[in-house]
Amino acid sequence: MKQITLTRPDDWHVHFRDGDALGEIVPHHARRFGRAIVMPNLKPPVTSLNDAMAYRQRVVDAIPAGCDFTPLMTLYLTQKTSPEDIENAKQSGMIYGVKLYPAGATTNSDAGVTDIFALLPTLQAMTNVGLPLLIHAEVTDPAVDVFDREKSFLEQVVKPLLEKLPDLKVVLEHVTTADMANFVIDAGGHVGATVTPQHLLYNRSDIFRGGINPHLYCLPILKREQHRERLCEIVASGDPRFFLGTDSAPHSQHAKESACGCAGIFSAPCAIEVYAEIFESLGALEKLEGFASFHGADFYGLPRNESQITLINKPWTVPESFPMDNKNQLIPLKANETLHWQLV
Ligand code: DOR
Ligand code: ZN
């Protein structure tokens, strides 16, 4: 096949950061995607409608002229988020989800949730107004092995929570295990999941191939091969509960290549191209458009995009790095590697 034309895809999970970096990061998304669910884990986090509106404007200011791109904002759930906050957020028409970071689970999650079961009235309000809970599904107990944290969260939090609130709309973000993915399949249509490129491409051994590779460190961490294979099988099946969410999470080269490197993979500069390669390698290129352009919009109850993008089969090399601000560089996913699907 020489070219693929797709309904313009959406990215249902991204980190844009803030400040000068927005001008470097946002354009990569705006060229490829129609919309993106924007994560609220800034410093300080986006906990109020006012914060979200101000942040939205800064993101909009970073969209290059002529790009057909809309940021969809989220709120960062804290132990203080009230049912009234939820009703106001919904009424504004500008908030598309509320993000649950278990406190201490990942980057800028310190202000996150320490006891989700104490927030049942807030979650009930979300159920009432139809605002989805976007979950970083990992337990934070240091005694739990880092590779088992998603599976433990499924048992300790997701299952009991959905027993109490069976109609809560939930997105299990960046699903990494067969256990969680199988749960989504059995849960019914109000539970969906985003899938990153890295969790379809790599397993945990890849982090250590030829030496430690900090650019493959993200959270939830890459898992065993059997989990990667199950995720590939599911997306290739065209299951509508699974949709594109890159979790592109830029950190400077300096912060990644450090004695205590940050978690996050910057996939924005080649995201849709890499997903195309993955679906092609799975023999499921015809399922790419559903995953990238339809399933997420349908899940969120939003119209599908009307415009299109085209990828051509023409090799290109992903740049070694991109500038982040005037001091720092960003190393992208697939840096210096050749991809054969190229965005027109
Ligand atoms: O790898 C990650 N990076 N996982 C997250 O949950 C957060 C993200 C970030 O913000 O850097
Ligand atoms: Zn994320």
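What number of residues within region 168-187 are within 16 Å of ligand 1 (Cβ to nearest atom) and part of a strand (DSSP E or B)?
Counting residues in region 168-187 that are within 16 Å of ligand 1 (Cβ to nearest atom) and part of a strand (DSSP E or B) gives 2.
Mind checking whether some residue in region 259-272 is in contact (Cβ under 8 Å) with a residue 12 or more places away in the chain and more than 17 Å from the chain's Cα centre (by Cα)?
yes
SER109 fails exactly one of the following numbered conditions: (1) under 25 Å from ALA292 (Cα atoms); (2) open to solvent by less than 10 Å² (accessible area, probe 1.4 Å). What is the number of that condition?
Result: SER109 passes all but (1).
It is to be established whether one or more residues within region 205-217 are touching a residue at least 24 places away in the same chain (Cβ under 8 Å) and open to solvent by less than 10 Å² (accessible area, probe 1.4 Å).
no
Hey, among PHE266, PHE242, PHE208, which residue is under 22 Å from HIS15 (Cα atoms) and more than 11 Å from ligand 1 (Cβ to nearest atom)?
PHE242
Within the group PHE294, PHE279, which residue is buried (at least 22 other Cβ atoms within 10 Å of the Cβ) and of a type outside the set (A, V, I, L, M)?
PHE279
Among the residues of region 132-151, write down those that are open to solvent by 10 Å² or more (accessible area, probe 1.4 Å) and away from ligand 1 (no atom under 16 Å from the Cβ).
ASP141, PRO142, ALA143, VAL144, ASP145, ASP148, LYS151
Given the structure, is ASN305 open to solvent by 40 Å² or more (accessible area, probe 1.4 Å) and either among the small types (Gly, Ala, Ser) or more than 16 Å from ligand 1 (Cβ to nearest atom) (or both)?
When the stated conditions are applied, ASN305 does not pass them.
Of the conditions (1) in a helix (DSSP H, G or I); (2) within 16 Å of ligand 2 (Cβ to nearest atom); (3) of a type in the set (Ser, Thr, Tyr), SER205 fails just one. Which one is it?
The one condition SER205 does not meet is (2).
Inspect region 85-93 for any residue being in a helix (DSSP H, G or I), at pLDDT 95 or above and buried (at least 22 other Cβ atoms within 10 Å of the Cβ) and give the result as yes or no.
Yes, some residue in region 85-93 is in a helix (DSSP H, G or I), at pLDDT 95 or above and buried (at least 22 other Cβ atoms within 10 Å of the Cβ).
Might you let me know whether region 4-14 holds any residue that is in contact with a helix residue (DSSP H, G or I) (Cβ under 6 Å, 6 or more places away or on another chain), more than 15 Å from ligand 1 (Cβ to nearest atom) and without any contact (Cβ under 8 Å) to a residue 60 or more places away in the chain?
The answer is no; no qualifying residue exists.
Step by step: first the residues of region 25-50, then only those that are touching a strand residue (DSSP E or B) at 6+ places or on another chain (Cβ under 6 Å) and open to solvent by 20 Å² or more (accessible area, probe 1.4 Å), then the one that is nearest to ligand 2 (Cβ to nearest atom). Which residue is that?
Among those that are touching a strand residue (DSSP E or B) at 6+ places or on another chain (Cβ under 6 Å) and open to solvent by 20 Å² or more (accessible area, probe 1.4 Å), it is PRO45.
The values are calculated or read from the model by the stated rules, or taken from the named source; none is laboratory data. Predicted model, so just to flag it, every value in this text is computed and none were measured. Note that we place each Cβ from the backbone using ideal geometry, even for glycine, and neighbour counts take in every protein chain shown. When the accessible area is computed, the model is the full protein with side chains, heavy atoms only, and any ligands, DNA or RNA have been set aside. Shrake-Rupley method; radii C 1.70, N 1.55, O 1.52, S 1.80 Å.
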